[in-house]
Amino acid sequence: MREILKFCDLCRYDLLLLDELGSLTLKKEQMNAFFKLMKERYEAGHPTIITTNLQPEQWYSLLEPKDMIDALLDRLNHRCINIMAYKGSPYFLYRSFRPLKFSLTKLNE
């Protein structure tokens with residue numbers, strides 16, 4: 001019951017940040033919960049920020065089934081303001097006072 005309440009909370013947050021998508025391997029049940037969460041947030045119109053080192057086409061090797069990834073990417077792209085690619089030094093280098101050089105590229109244009 002507690003897990004259901006936590007899931008409902010994630011659906012209702014005004015903004016949800018999912019950091020480092022792809023850093024963990026998800027089990028089938030976890031993938032299903034992720035897809036359901038994203039569907040609920042999309043239908044409610046709640047914004048979600050996803051950070052990842054993976055290009056969208058690489059999500060197919062991370063998640064399954066393919067049709068669910070297609071639906072997720074369609075939903076993200078439909079309400080997306082910007083999909084940005086960051087190329088440069090990792091943030092931890094910035095924190096260690098090294099110069100940070102980067103460029104941002106819009107992917108959805």
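The values are calculated or read from the model by the stated rules, or taken from the named source; none is laboratory data. All values reported here derive from a predicted model rather than from experimental measurement. Using ideal geometry, Cβ is built from the backbone for each residue, glycine included, and neighbour counts are taken over all protein chains shown.
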Subset of the range 1-41, residues surrounded by 14 or more Cβ atoms within 10 Å (Cβ to Cβ), in contact with a His (Cβ under 8 Å, 6 or more places away or on another chain) and under 16 Å from residue 80 (Cα atoms), comes to 16
Selection count, the range 55-69, where residues are of a type outside the set (D, E, K, R), under 16 Å from residue 27 (Cβ atoms) and not in a helix (DSSP H, G or I): 2
Check whether at least one residue in the range 98-107 is modelled with pLDDT under 90 and either under 23 Å from residue 9 (Cβ atoms) or touching a Leu at 6+ places or on another chain (Cβ under 9 Å) (or both), and report yes or no. yes
For the range 13-47, give me the residue count where each residue is within 19 Å of residue 60 (Cβ to Cβ), touching a residue at least 12 places away in the same chain (Cβ under 8 Å), in a loop (DSSP other than H, G, I, E, B) and among the hydrophobic types (A, V, I, L, M, F, W, C). 2
Which numbered condition trips up residue 57, out of (1) more than 19 Å from residue 6 (Cα to Cα); (2) modelled with pLDDT of 90 or more; (3) acidic (Asp, Glu)? (2)
